[in-house]
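Heads up, the thing below is written out as structure tokens.
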Amino acid sequence: MSNNSPVRLALATPGAWTEVTDARPTESIVRIHASDLREGQQARARARAEAVEAGKDADSVAVFLDIEIHVADDARTARREFAALDLPAVPSSIRYVGTPSGLAGLVADVKAAEVADGVTLIAVGPEQRNLDKIARGVVPWLEDRGVLFSAEKLLAATGSLTPTRVLAS
């Protein structure tokens, strides 16, 4: 995907992977795990190079970086809750613990730095609460920056819709 296209967002729950952005379909989707953003950039470059070697356009593949997440209204609460979860110290991919707006910024940065075309958010901790924070905090932040979402897919994946915003007149 060219860097001009908006970031794509997917959610992974046990047994399901759902892209919730309303993006142009690609021929293939590749999910990657990375210990840091540089490793993610390298994996994306490899996936795009493999597509070209196979005679396809590099944009025919969309690379999604897995990010383990735990979000709360404030970073201190997120860190405290996360510490109580008793998860492995070394994550299987990049891990984010903080606020919905901080997570949204990371998602946007992943695309801007050409680390991946999109991200797959994997909630650790209370899944439904994390999904609600994504729908009510991350999605509106990204929408304000031009990312389009499928309301139907978002509702199916999170059980929530973004809050309706009323413009003052």
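Note on segment 1-23: among residues that are touching a helix residue (DSSP H, G or I) at 6+ places or on another chain (Cβ under 9 Å) and surrounded by fewer than 17 Cβ atoms within 10 Å (Cβ to Cβ), the one that is nearest to PRO140 (Cα to Cα) is ASP22. The set of residues in segment 27-60 that are touching a residue at least 60 places away in the same chain (Cβ under 8 Å) and within 30 Å of LEU155 (Cα to Cα) comprises ARG31, ILE32, HIS33, ALA34, LEU37, GLY40, ARG44. Among the residues making up segment 33-71, those that are over 22 Å from ALA112 (Cβ atoms) and either exposed (fewer than 15 other Cβ atoms within 10 Å of the Cβ) or in contact with an Asp or Glu (Cβ under 6 Å, 6 or more places away or on another chain) (or both) are GLU50, VAL52, GLU53, ALA54, GLY55, LYS56. If you take the residues of segment 99-122 that are of a type in the set (D, E, K, R) and part of a loop (DSSP other than H, G, I, E, B), which of them is nearest to the chain's Cα centre (by Cα)? Step by step, filter segment 99-122, then rank; the result is ASP117. If the condition is being closer than 13 Å to VAL71 by Cα and either buried (at least 16 other Cβ atoms within 10 Å of the Cβ) or modelled with pLDDT under 90 (or both), then segment 93-104 contributes ARG95, TYR96, VAL97, GLY98, THR99, PRO100, GLY102, LEU103, ALA104.
Checked across segment 112-131, the condition of being surrounded by fewer than 21 Cβ atoms within 10 Å (Cβ to Cβ), under 23 Å from ALA43 (Cβ atoms), at pLDDT 90 or above and not aliphatic (A, V, I, L, M) holds for at least one residue. Consider segment 132-169 and keep the residues that are among the hydroxyl-bearing types (Ser, Thr, Tyr) and touching a Leu at 6+ places or on another chain (Cβ under 8 Å). The one that is modelled with the highest pLDDT is THR158. Given the condition in contact with a Leu (Cβ under 9 Å, 6 or more places away or on another chain), within 28 Å of ALA151 (Cβ to Cβ), of a type in the set (Val, Ile, Thr) and at pLDDT 95 or above, answer yes or no: does some residue in segment 22-29 qualify? The answer is no, given that none of the residues of segment 22-29 is in contact with a Leu (Cβ under 9 Å, 6 or more places away or on another chain), within 28 Å of ALA151 (Cβ to Cβ), of a type in the set (Val, Ile, Thr) and at pLDDT 95 or above. Would you mind finding the one in VAL124, VAL90, VAL138, VAL119 that is under 19 Å from GLU39 (Cβ atoms) and in contact (Cβ under 8 Å) with a residue 24 or more places away in the chain? Unique residue meeting the criteria: VAL119.
Taking first residues from segment 71-87 that are within 16 Å of GLY105 (Cβ to Cβ) and partners that are assigned to a loop (DSSP other than H, G, I, E, B), the Cβ contacts under 6 Å between residues at least 6 apart in sequence or on separate chains come to ALA75/THR99; ALA78/ALA72. Would a scan of segment 74-87 turn up a residue that is out of contact with any strand residue (DSSP E or B) (no Cβ under 8 Å at 6 or more places or on another chain), closer than 22 Å to THR21 by Cα, surrounded by fewer than 23 Cβ atoms within 10 Å (Cβ to Cβ) and not charged (D, E, K, R)? No: zero hits. The condition of being part of a helix (DSSP H, G or I) and under 17 Å from the mean Cα position of the chain (by Cα) holds for ILE134.
The values are calculated or read from the model by the stated rules, or taken from the named source; none is laboratory data. As the structure is a computational prediction, the values presented were derived from the model and not from experiment. Glycine gets a Cβ as well: all are built from the backbone with ideal geometry, and neighbour counts include every protein chain shown.
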